[in-house]
Amino acid sequence: MFQEFLNQFGTNTVGGLTAGAIYALVALGYTMVYGVLRLINFAHSEIFMIGTFAALFVVLQFGITAPTGLAMVGVLVMLILVAMAASGGAAVLLELAAYRPLRKRGASRLAALISAIGASFFLQELFKLVIIQPVFDKPGGNQIGSPRFLGRETLFSIGDTKVQLYHVIIVVSAIIMMIVLDQTVTRTKIGRGIRATAQDPETAVLMGVNIDVIVRMTFLLGGAMAGVAAVLYLGAYENTKFDIGFLLGVKAFTAAVLGGIGNLRGALLGGFALGLLENWGAAFFGSTWRDVIAFTVLVIILMFRPTGILGESLQRARA
Amino acid sequence: MRPKLVRLGGIAAAGMAISLGLAACGGGSGGGKGGEGATELTIGVMGDLTGPDRALVIPPANGAELAVEEYNKKNPKVKVKLKRYDTQGKAEQAVNQVNQAIKKDKIAALIGPAFSSESRAVNPILQTNKIPSVTPSATATDLGKSGWKYWHRVVANDDAQGPQLAEFVLRTAQPKKAFMLSDQGEYGVGLAKSVGDTMKAKGVQIAEDKVDAQASDVSSTVAKIKSFQPDFIFAGGYYSFTGKMLKQIRDAGITALYASGDGSVDPALVDAAGKEQADNVVLSCACKIPFKSTATELKTFADAYKAKWNTDPLIYGTEGYDAANAILKAIEAGATTSEQINEKLKATDFAGVSKQIKFQENGEIATSLIYVYKVTKGEISLLGEADKAALQ
C-alpha cells in the first residue's frame with residue numbers, strides 16, 4: 001500500500017493541485033458572501049454550472065478545436081471573460097431575485113438559506129428542462145462533452161510524473177485570479193466597503209457605505225470567480241451537465257470552511273489542501289475512501305482550529 | 001378541470017370496454033382478446049417510453065411496431081393492432097398499465113415489460129390472466145427462475161455477459177495484467193466482479209478500483225492504473241461514467257485495450273470520451289445492434305427501420321422486432337387466443353434478426369448469445385458473437 005502510494009505520489013499531487021485550484025476559485029464565492037452577509041449561498045454551485053455552459057456555448061459556436069500557442073491564450077482569455085460575465089451576471093440576478101426581497105423585509109437567515117436551496121433547484125431544472133435541449137441539441141439530462149481547448153503537451157517530467165500544459169495553466173490562472181481579487185478587496189474603494197460591511201454592517205451604513213451596492217458587488221465578484229473556475233473545469237475535464245455544480249459546490253464549500261470561511265487566502269489554501277488530501281487518501285486506501293479521508297481530516301482540523309486553518313477574517317487581517 | 005375530464009373519460013372508456021367485452025362474449029368480433037374467429041387482435045408493448053431511460057425502450061418499441069406494420073401489409077386473416085404502454089420505468093406504473101391493457105384493451109399478448117423490476121411486478125398479473133409475454137430487454141437472471149408459464153425473453157440473461165466477455169478478451173488479446181474499474185453502483189460493480197473472477201481463474205493478475213460516478217477529478221484512479229501497467233482495463237458502469245474514465249485514461253497516455261458492458265453500448269460513449277480517445281475499445285451486450293453492419297438480415301432490418309423512423313436502430317431494436325415477430329408468427333399460424341399464442345410460442349423456432357428465436361421450457365432463449373462490438377476512432381461496429389468473433 002505504501003509503495004503504491006509512493007509510486008503514484010507525483011501524479012496524485014499534480015492532479016490534486018489542479019482540482020484544488022478549481023475548488024479554491026469556487027470557494028471564493030462562498031467565502032465572500034458568507035463574510036459579508038453571513039449567508040451560505042447554496043445556489044453558488046449553479047452559478048458555476050452556468051459558467052461551464054456559457055463557455056461551452058462559445059467553444060461550440062466558434063468551432064474551437066485544440067488551439068495552440070498564442071491562439072490558445074487568446075481563446076482562454078475570451079472564454080474567461082464570457083464565463084465571468086455570465087456567472088457574475090447570474091449571481092447578481094440571483095441576489096436580486098432570491099435574497100434581496102428577503103433582506104429588505106428583515107427575514108431571518110434561515111429563510112434566506114431555504115431561498116438559496118430553492119434557487120439552486122430552480123436553476124438546475126431550468127437548464128435540464130428548458131435551456132440545454134434547444135441550445136446544445138442534446139437531451140437536457142445528458143453529460144455534454146466539450147472539444148479540447150487546453151493543450152495536453154507535457155512540459156516537464158519529475159521522475160515519471162508528467163506535468164502537462166493544462167495543469168500549469170489551471171494552477172497559474174487560479175493564483176493570478178486570487179491575487180487580483182485579493183488586491184481588489186484590500187486596495188479599492190469597493191473593497192474597503194466590502195471589508196467594512198463584513199466587519200459591522202450597521203456602522204458601515206452610518207459611515208456612508210451603500211450596502212445594496214456592496215452586496216451586489218460581492219455577488220458579482222464571487223460569481224466572476226466561479227466563471228473562471230468553470231472555464232478551467234471545462235478545459236480540464238471536458239464535459240458538463242446540469243447538476244455538475246452539486247458535488248463540486250459541496251467540495252468548494254468544504255474548502256472554504258477548511259481554510260477559514262470568510263477568509264480569501266484561506267479559500268485558496270483550503271482548496272489546494274482538499275484537492276491534495278482527496279488524491280493522497282484515494283491512493284492510500286482506494287477511491288471508495290476518497291471522501292471519507294478528506295472529510296475525516298476536515299473534522300480533525302476543525303477540532304483544533306474551529307475557525308479553519310487561517311481563521312475567519314475577511315474583515316480583520318490584511319485580506 | 002382537467003383531472004375531472006380525464007376521470008369522466010376513463011369512466012366512459014371503461015363503460016365502452018365493458019359493453020364491447022360483453023359483445024365479444026356474445027360471439028361478436030369487436031374485442032381484442034377475441035376468441036375463435038376474431039379478425040383483429042391487440043398486442044401491447046410496455047416500457048419506459050417517456051422517462052429517464054427511454055433511450056433503452058424506444059428502439060425495441062419502434063422495432064416491434066415495424067414488425068406489426070410488415071405483418072399487416074401481408075393482408076393476414078387476423079390483423080394486429082399494437083398499443084404502447086408507458087411505465088416511465090416505474091414498477092407501480094407498470095402494474096396500472098398492465099391492468100388497463102388486460103381489462104380495457106384486452107391484449108392478446110405483451111411485448112415487454114422492458115425492465116426487470118417492471119417484469120417482477122407485472123408477470124404475476126399476466127400469469128393469472130394467462131397472457132403470454134416476450135421481453136426484448138429485461139435481463140435479470142431471477143426472472144427465468146420464477147416458474148412463470150407465460151413468460152419468454154429473446155436476450156441472454158445477466159449471468160452470461162461477464163464470463164463471455166472475459167473469455168473473448170482472453171482468447172483474442174491474451175492479457176497478463178487486468179485492471180477492473182467500476183462505478184459504485186450494483187450493476188457496474190457486479191459486472192466488473194464477474195469479468196475479474198473469470199480472468200483471475202485463468203491466472204490473470206487483477207487489480208481494481210471503484211470510483212464515485214459523480215466525481216469529476218479521477219486523477220488518483222488514473223495514477224493507480226498507470227502504475228499497475230495493465231494490458232487490459234474493464235470498466236463497469238453506464239456510458240457517462242465509462243466514457244469519462246476512458247477519456248482521462250487515454251489522455252494520461254494509457255493505450256491498453258479498454259472494455260465495458262451493455263450500459264456503454266451507445267454512441268453517447270463517444271460523446272463523453274471524445275473521438276480520438278474512443279479507440280481500442282471493446283463493448284459487450286446481450287443485444288445485437290446493426291450499427292453499419294453489411295450482413296444481409298441486419299442491413300435489411302436497419303434500412304426498413306431507418307425508412308420508418310428516420311433514425312438508426314439502437315439498443316434492443318432488433319430484439320423488439322424479434323419479440324414482436326415471435327408473437328406475430330404464432331398468430332399467423334392460426335392462434336387467435338392468448339392461450340393458443342402461448343402454446344405456439346413453445347414451439348417457436350425461426351431465424352430472427354438478432355438470433356435464432358427458440359425458447360427453453362422456462363421461457364429463456366435457447367442459446368445465451370453475447371455480442372461484442374469494437375470502437376475504433378469513435379466508430380462503433382459489430383464484431384459478432386463473443387465465442388466466435390475475432391478482434392481485428
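The values are calculated or read from the model by the stated rules, or taken from the named source; none is laboratory data. Please read these numbers as outputs of a predicted model, since none were measured by experiment. For neighbour counting, all protein chains shown are included, and Cβ atoms are generated from backbone atoms with ideal geometry for every residue, glycine included.
Take the conditions (1) in a helix (DSSP H, G or I); (2) acidic (Asp, Glu); (3) out of contact with any Leu (no Cβ under 9 Å at 6 or more places or on another chain); B:Glu69 misses just one of them, which is (3). Scanning region A:246-269 for residues that are of a type outside the set (A, V, I, L, M, F, W, C) and more than 12 Å from the chain's Cα centre (by Cα) gives A:Gly259, A:Gly260, A:Gly262, A:Asn263, A:Arg265, A:Gly266. Per the conditions (1) in contact with a helix residue (DSSP H, G or I) (Cβ under 6 Å, 6 or more places away or on another chain); (2) under 16 Å from A:Phe127 (Cβ atoms), the sole criterion not satisfied by A:Gly35 is (2).
The residues on offer are B:Lys210, B:Lys176, and the sole one that is surrounded by fewer than 24 Cβ atoms within 10 Å (Cβ to Cβ) and more than 14 Å from chain A (Cβ to nearest Cβ) is B:Lys176.
In region B:223-246, the qualifying residues are those that are assigned to a helix (DSSP H, G or I) and either surrounded by fewer than 22 Cβ atoms within 10 Å (Cβ to Cβ) or in contact (Cβ under 8 Å) with a residue 60 or more places away in the chain (or both), and the one that is nearest to the other protein chains (Cβ to nearest Cβ) is B:Ser227. Here B:Lys275 does not fit the description of being over 17 Å from B:Tyr239 (Cα atoms) and among the basic types (Lys, Arg).
Can you confirm whether A:Ala66 is crowded, with 18+ Cβ neighbours inside 10 Å and not basic (Lys, Arg)? No. One residue alone among B:Ala286, B:Ala295 is away from chain A (no Cβ under 14 Å) and more than 17 Å from B:Tyr238 (Cα to Cα), and that residue is B:Ala295. Within region B:187-203, is even one residue touching a residue at least 40 places away in the same chain (Cβ under 8 Å) and within 25 Å of A:Thr161 (Cα to Cα)? The answer is no, given that none of the residues of region B:187-203 is touching a residue at least 40 places away in the same chain (Cβ under 8 Å) and within 25 Å of A:Thr161 (Cα to Cα). Scanning region B:247-263 for residues that are crowded, with 24+ Cβ neighbours inside 10 Å and away from every other protein chain (no Cβ under 13 Å) returns B:Tyr258, B:Ala259, B:Ser260, B:Gly261, B:Asp262, B:Gly263. Within region B:264-280, being more than 11 Å from every other protein chain (Cβ to nearest Cβ) and either among the aromatic types (Phe, Trp, Tyr) or more than 23 Å from B:Val155 (Cα to Cα) (or both) holds for B:Asp279, B:Asn280. Taking the condition closer than 27 Å to A:Val185 by Cα, among the polar types (S, T, N, Q) and within 14 Å of chain B (Cβ to nearest Cβ), does A:Thr52 pass? So A:Thr52 fits the description; yes. Does B:Ala24 satisfy the criteria of being over 30 Å from B:Glu297 (Cβ atoms), modelled with pLDDT under 80, crowded, with 18+ Cβ neighbours inside 10 Å and assigned by TED's automatic domain parsing to the domain that holds B:Lys308? Spelling it out, it is not the case that B:Ala24 is over 30 Å from B:Glu297 (Cβ atoms), modelled with pLDDT under 80, crowded, with 18+ Cβ neighbours inside 10 Å and assigned by TED's automatic domain parsing to the domain that holds B:Lys308. Looking across region A:144-189, the residues that are of a type in the set (Lys, Arg) and under 27 Å from B:Phe241 (Cβ atoms) come down to A:Arg148, A:Arg152, A:Lys162. The helices (runs of 4 or more DSSP H) falling completely within region B:289-392 that include 3 or more residues that are in contact with a Leu (Cβ under 9 Å, 6 or more places away or on another chain) and more than 28 Å from B:Lys247 (Cα to Cα) map to B:296-309, B:317-332.
Picking from residues in region A:94-124 that are surrounded by fewer than 14 Cβ atoms within 10 Å (Cβ to Cβ) and charged (D, E, K, R), the one that is farthest from the other protein chains (Cβ to nearest Cβ) is A:Lys104. Residues in region A:36-45: is at least one outside any loop (DSSP other than H, G, I, E, B) and within 14 Å of chain B (Cβ to nearest Cβ)? Among the residues of region A:36-45, at least one is outside any loop (DSSP other than H, G, I, E, B) and within 14 Å of chain B (Cβ to nearest Cβ), which makes the answer yes. When each of A:Thr11, A:Thr18, A:Thr31, A:Thr52 is tested for being crowded, with 24+ Cβ neighbours inside 10 Å and within 16 Å of A:Thr240 (Cα to Cα), the lone residue that passes is A:Thr52.
Selection of first residues in region A:226-248 that are within 7 Å of another protein chain (Cβ to nearest Cβ) and assigned to a helix (DSSP H, G or I) and of second residues that are buried (at least 24 other Cβ atoms within 10 Å of the Cβ) and basic (Lys, Arg), restricted to Cβ pairs under 7 Å at least 6 apart or on distinct chains, gives an empty result. Scanning region A:73-93 turns up no residue that is touching a residue at least 40 places away in the same chain (Cβ under 8 Å), within 14 Å of chain B (Cβ to nearest Cβ) and either over 18 Å from the mean Cα position of the chain (by Cα) or assigned to a helix (DSSP H, G or I) (or both).
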